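To keep things clear, I will list the structure first and then write my remarks on it.
The values are calculated or read from the model by the stated rules, or taken from the named source; none is laboratory data. Note that the structure is predicted; figures quoted are calculated from it, not measured. When we count neighbours, we look across all protein chains shown, and the Cβ atoms used for this are built from the backbone with ideal geometry, even at glycine. With ligands, DNA and RNA removed, areas are computed over all heavy atoms of the protein, side chains included. Shrake-Rupley method; radii C 1.70, N 1.55, O 1.52, S 1.80 Å.
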Amino acid sequence: MSFSWQTKGTARDPKSRVGINKKNESARTRMEVCKALKNIVEGGRTIDWIRAEKSEWIATPLHRELIYGTARHYLSLQQSVTELLKKPMRDKDSDLFQLLLVGAYQLKYTGIASYAIINESVNACVVLGKPWAKGVVNAVLRQLQRAAETSQQHSAQGETSAAEQALAAATADHPEWLKDKLKIQYPAEWQTLVIANNQRAPMTLRINTAKVEPAFYKAKLRENDISFSETSMIETIILDTPQNAETLPSWSEGEVAVQDLSAQLASHTLMTMLPPQIAEPSILDACAAPGGKLFHLHERLNARFKNHKLFALDNKKKRLNETKVIGSRLGHSDDPRLTMLCADATMDDCCGNLLFDAILLDAPCSGSGTIRRNPDIRLLLKSGHLTSHQEVQLKLLHNLWRRLKEGGTLLYSTCSIFEEENDHVIEKFISTQAGAKSVALSMKHGRTTLLGWQLLPSSRSTDGFYYAGLTKVKGT
Ligand SMILES: C[S@@+](CC[C@H](N)C(=O)[O-])C[C@H]1O[C@@H](n2cnc3c(N)ncnc32)[C@H](O)[C@@H]1O
């Protein structure tokens, strides 16, 4: 059965809150979620942009659940809903299409009673100023509800296994080009990777060792009945159940930060790459905001040196300001050993005359290793973006190389799983930059590549990440 849209009645100003009572609060939440999704799929905005610029659209746990969940399954939901509509939606009614996708997401992936989902979606038509659409929204969602029930029956009768269902669903939630690239670059693992991309990321914490002993903080978590798993790093733990970070013990005192395990490997790796005899290292974090690796590095350096100098560079002033706020909570922003600079790291004069013993280049990239954390990436990323990222990554490497002392080391990283932004960048750089030599890396997670180290999101505890070590040969 399919359903067509007919415009009847008068549209109400969707912004008007007159006549909207408390009962309609969740309908209004739906309207805001629809606006957020429209901005992603039609405006090319990221969820991060929505957080920064339209925080009211993503203000509550319900907003976040609906935005992240619908974005994660957008492509397959889009297909199911489109199949039920007789005519494609008019551009000006794309908010209603988003409304159907949100309802479809809840029917398929949450345990919420279907009558509640359908009622709230129908009410949201009024809040959107399109009461004429109530009938069609009701009819399409009821049809989807029946389809979801039938699929559950088939799986209960053993006609399709849970694993087959998960793979089929995850595959349908990836655009063709992304699936094809995964198949080519990860022929033995692409299925595991698409399934991993559809899962929720774990919540990993970094205990701020400049403030508290890891054992002491772990005891605080236990006292508060917050269970967690240990990892290979003493200050890194994974919560069994994610929770609002602000509700963690001593959050406002800065005893802990949220940071993925893959990202935490940056500081540990850079520490092992510092010349052993060095007493006062001078280090540049060239793409530093919002400071996850920067502050971790500062905490590691603090444990080993009295007088290190750490410079944080980023070309976005707003992001650097946010970095300062985060640093203040952690107790780092006023530390005289830490300097923040706003400059373009592809430009000659980005760091004045400064030379560094070590540089961390956590380069801007596609984020393809973090799709489970940032589900909008699968909707926004295009294959051509990998080439444009590579150009910037090479520019950054060539320019920053001039700021590295002879004998110094550079750690290159991306949160990408694609070779265009990883080994290919390092290969091109080494082949054109005299005196640049690859340094072999080894970590407790992930695996070696031709010129670096790759972590994959298919390991539950890590995001997809790439690291490569370089050293500047003396006398070049
Ligand atoms: C992957 S993010 C860095 C994340 C950060 N290292 C962390 O761990 O929290 C990349 C950063 O590079 C910055 N960036 C992009 N192009 C840049 C350039 N030409 N010069 C300096 N920073 C740049 C972006 O503003 C962004 O903050």
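Check whether at least one residue in region 357-369 is surrounded by fewer than 21 Cβ atoms within 10 Å (Cβ to Cβ) and farther than 30 Å from GLU176 by Cβ, and report yes or no. Yes - at least one qualifying residue is present in region 357-369.
For region 277-284, indicate whether the set of residues that are within 12 Å of the ligand (Cβ to nearest atom), modelled with pLDDT of 95 or more, within 14 Å of TYR412 (Cα to Cα) and buried (at least 18 other Cβ atoms within 10 Å of the Cβ) is non-empty. Before the answer, list the steps.
Taking region 277-284 first, the residues within 12 Å of the ligand (Cβ to nearest atom) are 284.
Adding the requirement that they be modelled with pLDDT of 95 or more leaves 284.
Remaining after also requiring within 14 Å of TYR412 (Cα to Cα): 284.
Now drop any that are not buried (at least 18 other Cβ atoms within 10 Å of the Cβ), which leaves 284.
So far as region 277-284 goes, yes, one or more of its residues are within 12 Å of the ligand (Cβ to nearest atom), modelled with pLDDT of 95 or more, within 14 Å of TYR412 (Cα to Cα) and buried (at least 18 other Cβ atoms within 10 Å of the Cβ).
All conditions but one from (1) open to solvent by less than 10 Å² (accessible area, probe 1.4 Å); (2) among the hydrophobic types (A, V, I, L, M, F, W, C); (3) touching a Leu at 6+ places or on another chain (Cβ under 6 Å) apply to LEU96; the one that does not is (3). Screening HIS308 with (1) more than 12 Å from the ligand (Cβ to nearest atom); (2) out of contact with any Pro (no Cβ under 6 Å at 6 or more places or on another chain) gives one miss only, at (2). Once region 324-334 is narrowed to residues that are free of Cβ contacts under 8 Å to residues at least 40 places away in the same chain and in contact with a helix residue (DSSP H, G or I) (Cβ under 7 Å, 6 or more places away or on another chain), the residue that is nearest to the ligand (Cβ to nearest atom) is GLY327.
Just to be sure before I move on: is THR272 farther than 22 Å from THR323 by Cα, open to solvent by 10 Å² or more (accessible area, probe 1.4 Å) and in contact (Cβ under 8 Å) with a residue 12 or more places away in the chain in the structure I sent? Please lay out each step first, then the result.
Numbers: farther than 22 Å from THR323 by Cα: yes; open to solvent by 10 Å² or more (accessible area, probe 1.4 Å): yes; in contact (Cβ under 8 Å) with a residue 12 or more places away in the chain: no.
No; evaluated as a whole, the condition is false for this residue.
Screening ALA59 with (1) buried (at least 18 other Cβ atoms within 10 Å of the Cβ); (2) modelled with pLDDT of 85 or more; (3) of a type outside the set (Asp, Glu) gives one miss only, at (1).
Residues that are at positive phi and at pLDDT 95 or above do not occur anywhere in region 306-319.
Tell me, please, whether a residue that is among the β-branched types (Val, Ile, Thr), open to solvent by 20 Å² or more (accessible area, probe 1.4 Å) and either within 16 Å of the ligand (Cβ to nearest atom) or under 19 Å from LEU301 (Cα atoms) (or both) can be found in region 238-255. Please lay out each step first, then the result.
Of region 238-255, the ones among the β-branched types (Val, Ile, Thr) are 238, 241, 247.
Filter again for open to solvent by 20 Å² or more (accessible area, probe 1.4 Å), leaving 238, 241, 247.
From what's left, either within 16 Å of the ligand (Cβ to nearest atom) or under 19 Å from LEU301 (Cα atoms) (or both): none.
Looking through region 238-255, none of the residues is among the β-branched types (Val, Ile, Thr), open to solvent by 20 Å² or more (accessible area, probe 1.4 Å) and either within 16 Å of the ligand (Cβ to nearest atom) or under 19 Å from LEU301 (Cα atoms) (or both).
Is it the case, given these coordinates, that THR409 is assigned to a strand (DSSP E or B) and out of contact with any Cys (no Cβ under 8 Å at 6 or more places or on another chain)? Judged against the criteria, THR409 is a match.
If you take the residues in region 344-398 that are assigned to a strand (DSSP E or B) and closer than 19 Å to GLN454 by Cα, which one is nearest to the ligand (Cβ to nearest atom)?
Step one: of region 344-398, the residues assigned to a strand (DSSP E or B) are 356-362.
Subset that is closer than 19 Å to GLN454 by Cα: 360-362.
Details: LEU360: 7, LEU361: 9, ASP362: 4 Å.
Among residues in region 344-398 that are assigned to a strand (DSSP E or B) and closer than 19 Å to GLN454 by Cα, the one nearest to the ligand (Cβ to nearest atom) is ASP362.
Can you pull out the residues in region 387-396 that are crowded, with 19+ Cβ neighbours inside 10 Å and touching a residue at least 40 places away in the same chain (Cβ under 8 Å)?
LEU396
Taking (1) in contact with a Leu (Cβ under 6 Å, 6 or more places away or on another chain); (2) more than 9 Å from the ligand (Cβ to nearest atom) in turn, LYS317 satisfies each apart from (1). Scanning region 441-473 for residues that are assigned to a strand (DSSP E or B), in contact with a strand residue (DSSP E or B) (Cβ under 6 Å, 6 or more places away or on another chain) and β-branched (Val, Ile, Thr) yields a count of 1.
Does any residue of region 221-228 turn out to be of a type outside the set (Val, Ile, Thr) and open to solvent by less than 30 Å² (accessible area, probe 1.4 Å)?
Keep residues of region 221-228 that are of a type outside the set (Val, Ile, Thr), which gives 221-225, 227-228.
After this cut, where a residue has to be open to solvent by less than 30 Å² (accessible area, probe 1.4 Å) as well, the list is 221.
Yes, the conditions are met somewhere in region 221-228.
Scanning region 424-451 for residues being open to solvent by less than 20 Å² (accessible area, probe 1.4 Å) and closer than 23 Å to ASP180 by Cα gives a total of 1. Within region 327-339, one or more residues are open to solvent by 30 Å² or more (accessible area, probe 1.4 Å) and under 20 Å from LEU411 (Cβ atoms).
Every condition in (1) open to solvent by 40 Å² or more (accessible area, probe 1.4 Å); (2) within 30 Å of GLN454 (Cα to Cα); (3) of a type in the set (Val, Ile, Thr) is met by THR160 except one, and the failing one is (2).
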